[in-house]
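Note sheet for the following structure.
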Amino acid sequence: QIRILWVDDHPQNNDAEIEYFEQQQIAVYKVTSSKDALALLNMYQYQLIISDMGRNDNPLAGLHLVETIRKAGISTPYIIYTIMPSEAQKKIALSYGANAVAVDKTELFYFADQQLNPPGTPSQ
């Protein structure tokens with residue numbers, strides 16, 4: 001079973017995207033804070049992490065989370081799903097350890113498929 005950890009303080013904003021993954025037989029685990037995400041990452045294996053950028057009072061929560069998990073040696077693919085208008089912001093996210101930045105559902109599904117089904121591996 002493929003498992004996605006989804007970190008967003010407003011998970012209801014992602015209902016359509018989560019439904020898409022669930023239709024693909026992918027389990028989606030939703031948390032609303034980086035603290036909860038780190039706790040789950042210490043207990044379970046996930047094939048993908050999707051995070052928003054700003055959470056609660058921290059506009060850079062998504063960057064701080066990926067930085068923390070990379071320093072902890074966790075290499076799980078990490079997609080930031082947010083509206084990011086500038087290339088500079090995308091480059092910063094990648095430099096912190098994110099694998100991709102998606103600004104809409106189409107990009108999110110494309111990047112998720114790339115991470116979950118790398119070229120050269122048979123599809124699920």
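Throughout, read-outs are computed from the coordinates displayed, never taken from laboratory work. Predicted model only: the values in this text are computed from it and were never measured. Backbone-built Cβ (ideal geometry, glycine too); neighbour counts: all protein chains shown.
By a straight-distance test (C-alpha under 23 Å), which lysines pair with Lys105 as possible cross-link partners, with residues fewer than eight away in the same chain excluded?
Within the straight-line limit of under 23 Å, Lys105 reaches these lysines: Lys30, Lys90, Lys91.
Among Asn42, Tyr29, Thr106, which residue has its Cα furthest toward the positive end of the charge dipole of the chain, with +1 on Lys/Arg Cβ and -1 on Asp/Glu Cβ?
Going by the charge dipole, the pick is Asn42.
State, to one decimal in nm, how far the label point of Asn58 lies from the label point of Ser95, with both points 7 Å from Cα in the Cβ direction.
Taking the two extended label points, one gets 2.0 nm.
Given charges of +1 on the Cβ of Lys and Arg and -1 on the Cβ of Asp and Glu, with all other atoms neutral, how large is the dipole of the chain about its Cα centre, in debye to the nearest 20?
Roughly 480 debye for the chain.
Over all directions, what mean area does the Cα convex hull of the stretch 1-68 project, stated in square nanometres?
4.3
Report which label in (i) 1.04; (ii) 1.10; (iii) 0.98 holds the value of Cα Rg over 2.2 N^0.38 Å derived from the coordinates of this structure.
(iii)
For the chain, what is the calculated [θ] at 222 nm in deg cm²/dmol (nearest 500), taking -39500 (n - 2.57) for each run of four or more DSSP H residues and dividing by its residue count?
Working: 5 runs with 51 residues, N = 124.
It comes out at -12000 deg cm²/dmol, rounded to the nearest 500.
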